[in-house]
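The values are calculated or read from the model by the stated rules, or taken from the named source; none is laboratory data. Everything numeric in this text was worked out from a predicted model, so none of it was measured. Using ideal geometry, Cβ is built from the backbone for each residue, glycine included, and neighbour counts are taken over all protein chains shown.
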């Protein structure tokens, strides 16, 4: 059977004798041998086993928010087992107007026949014909706290668990697989000698799972569009999934922040926070939010015993701390850290806190006590906690250890249901009482799919001060994880120290991230010049329009093991920004090539390309490029601006995201008027014989070198203005 030819070029073919499915895109086989597997507690079933009988196919048409689709179900009869003879339907939902397929299983089991710990069932895939390489996000712990980038050349030799796969084919087509978490079960991708499996697990053997989630598969030529549409299809299948664009960005994280963790660790106390605020003020570091990390809690061991902080470390509590920070030091927002469970090992059952909220607390299978994941029972715990925090002057929370729930709810609540209930409770309570959340240790998709409010989330392992190799691997993971994770949340690249030997690479990667930027400095050591390139004088960070993503030529390369620089791009309006960094593990020198196409700019135009650190300005065609050599962990930020009527804006080059430092550009009959965010150094490319410059209505002096405010240089089409005001006018001759 073949689905009728669709305008998307996608076809589903099903073998009438076995029920195995194949997917074609642009008349080429892309995925072959799609079948199913089920794991009874006492037996494993699936294709290739004689006891599974293919009975035929069923078809129906329908519509959802993404448009019309054809739904094809392959029906199987299973053998008599555990008192019943169930049937299975493997469903493929093929969109007519988009090259997308969703798949899942349905069965008629009436008893809890699936294992407590392991796979319920899922989709099996035998081959990816024409496969060239795969970009795989691998979970690094059993719980799935963080994902790491893997380049896969041979899927059969790769056995890690993951949550996203982008495959590249020999003809430059791409496909992606996005797991679906539904009906109490979470889903993972795993490759092996028999092909790929998309495996669902509920971790509650007492439940009947009549529907088993699978995945969304997307196809196309543009990998960024393929990923975006696959997540749109995920949202159509599971309306509880809210994509980043639906949720907004918290106002708090428009400002530069500071976190206590790498400065003070678990020994943090009130005096450390106050002295850090004092040092920030003294050194004119415009930090506007403070985050008190692990170490503040009143606890017994690793169990939370009170909403209030440890009185020995925080005399006067958060209320006094917030009053002092906001009243004396100009810190606008105060945040505190906690885990989803309360603290690492939950809540102290011998505490007054437990007694007060016993009805909202759940006893886990592993002996931990946590806010209840049954329905909305845990909501009151978080709501009262956050209400107290708000009354004390706390504005936001960082919620850590989100993926660590499986061993707590084992055989009591299905994992996807439990995670959804807890995270909905957290986000609902925060939306009512606080101004924002940083999600952390939640790259397992059962977490990320259930963030209902404005979402910022860590997308890598912890920052490691002074460690060059970990800096390389973290920046790699950050950039590649953003390809898919930025569909769900604004990426948090984690805190960093401006006085780290690797600080420049950390700073530029965070500048282009599109997410929050916060320090964990010993502030007396801070590199204030570096910090001021990240934000304005009032502490507002200069964020690009979208999270940075890996460039097309990097998608199926391994910049850690190959002599190939890592590149990531984003935009500010029509201006592209491309970061390049040498993250090779051997530290070999590399050559980077960057052009307008790296930033997805119109190849039919001409562009001015500015190398921010090198200070070099060049003009290139839309299909052209500039080159630069990079040493170990050396980086460069390329600003690629379209040349229109002989002018290209680079921006306020005191800042990394220079174009964002310019509020407006207006062309006039005799020149150009620009409005800046603040005073600073403005740079532009200008094709003219001469130019006169004025700032705030006063003429500027042209000099050979910048000689102070309201002077400018103009040579080889490079115009540099030291603007002592915000209103700049150019009169071109």
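See the values below:
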{"item": "Residue in the range 462-480 that is within 22 Å of residue 254 (Cα to Cα), more than 19 Å from the chain's Cα centre (by Cα) and in contact (Cβ under 8 Å) with a residue 60 or more places away in the chain present", "result": "no"}
{"item": "Qualifying residue in the range 631-642 (condition: closer than 17 Å to residue 728 by Cβ and surrounded by 18 or more Cβ atoms within 10 Å (Cβ to Cβ))", "result": "yes"}
{"item": "Any hit, the range 523-533, residues being surrounded by 21 or more Cβ atoms within 10 Å (Cβ to Cβ), at pLDDT 95 or above and within 21 Å of the chain's Cα centre (by Cα)", "result": "no"}
{"item": "Residue identified as within 30 Å of residue 532 (Cβ to Cβ) and assigned by TED's automatic domain parsing to the domain that holds residue 399 among 310, 293", "result": "293"}
{"item": "Count of the range 497-514 residues which are within 17 Å of the chain's Cα centre (by Cα), crowded, with 23+ Cβ neighbours inside 10 Å, outside any helix (DSSP H, G or I) and free of Cβ contacts under 8 Å to residues at least 60 places away in the same chain", "result": "1"}
{"item": "The one condition in (1) in contact with a helix residue (DSSP H, G or I) (Cβ under 6 Å, 6 or more places away or on another chain); (2) part of a helix (DSSP H, G or I) that residue 203 fails to fulfil", "result": "(2)"}
{"item": "First in the range 527-542 and in contact (Cβ under 8 Å) with a residue 60 or more places away in the chain, second anywhere and surrounded by fewer than 20 Cβ atoms within 10 Å (Cβ to Cβ) and part of a helix (DSSP H, G or I), Cβ under 7 Å, 6 or more apart", "result": "540/254; 541/254"}
{"item": "Residue among 727, 678 that alone is in contact with a helix residue (DSSP H, G or I) (Cβ under 8 Å, 6 or more places away or on another chain), closer than 30 Å to residue 531 by Cβ and touching a residue at least 24 places away in the same chain (Cβ under 8 Å)", "result": "678"}
{"item": "Residues that are touching a residue at least 60 places away in the same chain (Cβ under 8 Å), touching a strand residue (DSSP E or B) at 6+ places or on another chain (Cβ under 7 Å) and crowded, with 22+ Cβ neighbours inside 10 Å, drawn from the range 404-437", "result": "408, 414, 415, 416, 422, 426, 436, 437"}
{"item": "Residue selected from the range 112-154 under the condition under 30 Å from residue 27 (Cβ atoms) and in a loop (DSSP other than H, G, I, E, B), by the criterion nearest to the chain's Cα centre (by Cα)", "result": "153"}
{"item": "Count of the range 228-245 residues which are within 29 Å of residue 496 (Cα to Cα) and part of a helix (DSSP H, G or I)", "result": "2"}
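To keep it simple, each residue is scored yes or no on (1) without any contact (Cβ under 8 Å) to a residue 12 or more places away in the chain; (2) more than 19 Å from residue 399 (Cα to Cα); (3) touching a helix residue (DSSP H, G or I) at 6+ places or on another chain (Cβ under 6 Å); (4) surrounded by fewer than 24 Cβ atoms within 10 Å (Cβ to Cβ).
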site: 247; (1), (2), (3), (4): no, no, no, yes
site: 250; (1), (2), (3), (4): no, no, no, yes
site: 257; (1), (2), (3), (4): no, no, no, no
site: 260; (1), (2), (3), (4): no, no, no, no
site: 269; (1), (2), (3), (4): no, yes, no, yes
site: 272; (1), (2), (3), (4): no, yes, yes, yes
site: 279; (1), (2), (3), (4): no, yes, yes, yes
site: 282; (1), (2), (3), (4): yes, yes, no, yes
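Yes or no, residue by residue, for (1) assigned by TED's automatic domain parsing to the domain that holds residue 425; (2) within 30 Å of residue 251 (Cβ to Cβ); (3) exposed (fewer than 15 other Cβ atoms within 10 Å of the Cβ):
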position: 353; (1), (2), (3): yes, no, no
position: 358; (1), (2), (3): yes, no, yes
position: 372; (1), (2), (3): yes, no, no
position: 387; (1), (2), (3): yes, yes, no
position: 394; (1), (2), (3): yes, yes, no
position: 398; (1), (2), (3): yes, yes, no
